[in-house]
Amino acid sequence: MIVISGSIPINPAMREEAMKTAAWMSEQSEGEEGCNRYRFAFDVRDPNLMVLVEEWASEEALAAHFTSAHMAEFQKAIPGLVGGAPSITRYEVSSSGPLR
């Protein structure tokens, strides 16, 4: 499994538009084969910091995501919404389970 985790500073004047765009992107992405999770949320300590968590079943599924039409549209929208440089990290997970 591949996990993507990151934070994206949002321009405060564009927060509502960022929320709409993120909700649309989440819905589109979670409809893709191999996407187990694609969620955005806002940081409880910084209302203008959007947090991203993605889970992908395989490298192939993630590669297909990067070439999707909705990713191209999202990448066009993002520059007008951000308020700083995103910080995004990729993890390759060998196992997972409930926290005990």
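Laboratory data are not the source of any read-out in this text; all were calculated from the coordinates shown. Since the model is a prediction, treat every value here as computed from it, not as a measurement. Positions of Cβ are generated from backbone atoms using ideal geometry, with glycine treated the same way; all protein chains shown enter the neighbour counts.
What does the charge count around Glu30 come to, taking other residues whose C-beta lies under 13 Å from its C-beta (Lys +1, Arg +1, Asp -1, Glu -1)?
-3
About its Cα centre, what dipole magnitude does the chain give when the only charges are +1 on Lys and Arg Cβ and -1 on Asp and Glu Cβ, stated in debye to the nearest 20?
Dipole of the chain, to the nearest 20 debye: 360 debye.
Any idea how far the Cα center of the range 8-25 sits from the one of the range 37-56, in Å?
Using only Cα atoms, the two centres lie 11 Å from each other.
From the residues His70, Ala18, Ser29, which one has its Cα farthest along the dipole of the chain in the positive direction, the dipole being from +1 and -1 charges on Cβ of Lys/Arg and Asp/Glu about the Cα centre?
Ala18
Once you order the gyration tensor axes a ≥ b ≥ c over the Cα atoms, which shape class does the range 2-92 get: rounded for a/c under 1.5, otherwise prolate or oblate by comparing a/b with b/c?
prolate
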